[in-house]
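Before any comments, here is the structure.
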Amino acid sequence: MLELYQFELSQYSEKVRLVLDYKGLAYRKIEVTPGIGQVELFRLTGQRQVPVLKDGSQVVADSTEIAKYLDQQYPDRPLIPTDPKQRGLCLLIEEWADESIGTKSRQVLFGALSKNQSLRKSLLPAATPDIVKVLVEAVPSELLQVLGFGVGLSQEVVKRAEADLKQDLEALCLLLADSPYLVGDQPTLADFAVAGLSILLKFPEEPYLNLPATLRGKGVPGLADSVVYEPFFTWRDRLYAQYRQPLVPSSYKSSAPNSINIE
């Protein structure tokens with residue numbers, strides 16, 4: 001069986017999960033333990049980032065490379081069009097989504113977390129000890145903003161990312177106004193990249209992710225709850241309903257990370 005080394009809240013892992021579900025491929029999720037698990041990933045792939053796909057003896061890192069590999073090895077339900085113009089547009093949108101939505105959604109989510117103590121607590125895994133939850137909730141917003149500035153996430157950076165995402169979401173709403181998909185009449189890698197990378201802006205309503213039920217349908221204020229961008233999130237949720245497999249109850253009772261074993 002295919003094995004996906006992942007973080008549950010990694011948008012790039014979600015992009016791959018969407019692709020795997022669309023292709024109807026069975027796979028096992030392996031939650032990488034931050035720190036030690038990433039060292040083991042480095043031994044396997046020469047880099048520390050998720051997602052990583054293992055298919056027998058074949059190991060592929062990077063969500064785009066994984067999608068291309070899956071399209072070559074499992075050609076049913078192709079991801080990338082054969083028509084030259086559609087192929088070019090698909091690859092262009094996918095790359096743009098990785099660099100724009102993927103990066104900026106993390107920035108605006110950090111901004112929302114720095115202002116909202118209960119949201120920070122809600123995003124912790126269910127197995128987190130109560131004392132840790134109390135400490136996380138008690139961290140002053142001002143301190144988080146200082147810490148964010150230390151890693152390049154100043155208020156100005158967050159503000160600019162939010163403005164850019166508003167323009168991105170407006171453009172996506174326009175592209176989808178009279179079309180079911182971003183490229184042609186069938187879903188492509190462009191759709192799954194945009195949809196999967198947007199999860200940090202607004203979490204899906206249904207239990208596709210291992211998150212507390214109270215967070216479903218919630219997201220970054222000003223984006224997730226805006227009627228202006230509602231057409232985009234309606235489209236995304238419809239795409240999820242068509243192709244994403246919900247979690248079975250036994251798979252999200254515990255969200256404690258697991259260590260990984262690499263042969």
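Condition first: touching a residue at least 12 places away in the same chain (Cβ under 8 Å) and not basic (Lys, Arg). Now tell me which residues in region 59-70 satisfy that.
VAL59, ALA61, ASP62, SER63, THR64, ILE66, ALA67, TYR69, LEU70
Going by what's in this entry, would LEU109 be described as modelled with pLDDT of 95 or more, under 22 Å from LEU169 (Cα atoms) and surrounded by 15 or more Cβ atoms within 10 Å (Cβ to Cβ)?
Here the answer is no, as LEU109 does not meet what is asked.
Is it the case that some residue within region 147-162 is modelled with pLDDT of 85 or more, closer than 14 Å to TRP235 by Cβ and surrounded by fewer than 17 Cβ atoms within 10 Å (Cβ to Cβ)? Don't jump to the end; show me each part of the working.
Step one: of region 147-162, the residues modelled with pLDDT of 85 or more are 154-162.
Checking the rest, the ones that are also closer than 14 Å to TRP235 by Cβ come to none.
No: region 147-162 contains no residue that is modelled with pLDDT of 85 or more, closer than 14 Å to TRP235 by Cβ and surrounded by fewer than 17 Cβ atoms within 10 Å (Cβ to Cβ).
Pull up region 181-214, narrow it to residues that are modelled with pLDDT of 95 or more, over 14 Å from the mean Cα position of the chain (by Cα) and among the β-branched types (Val, Ile, Thr), then point me to the one that is nearest to GLN11 (Cα to Cα).
For region 181-214, the residue satisfying everything is THR188.
Please name all residue pairs, on different chains or six or more residues apart, with Cβ atoms under 8 Å, provided the first residue is in region 20-36 and is of a type in the set (Phe, Trp, Tyr) and the second residue is modelled with pLDDT under 95 and exposed (fewer than 11 other Cβ atoms within 10 Å of the Cβ).
TYR27/MET1
The values are calculated or read from the model by the stated rules, or taken from the named source; none is laboratory data. On a predicted model such as this, the values are computed, not experimentally measured, just so you know. Don't worry about glycine lacking a Cβ; one is built from the backbone with ideal geometry, like all the others, and counts go over all protein chains shown.
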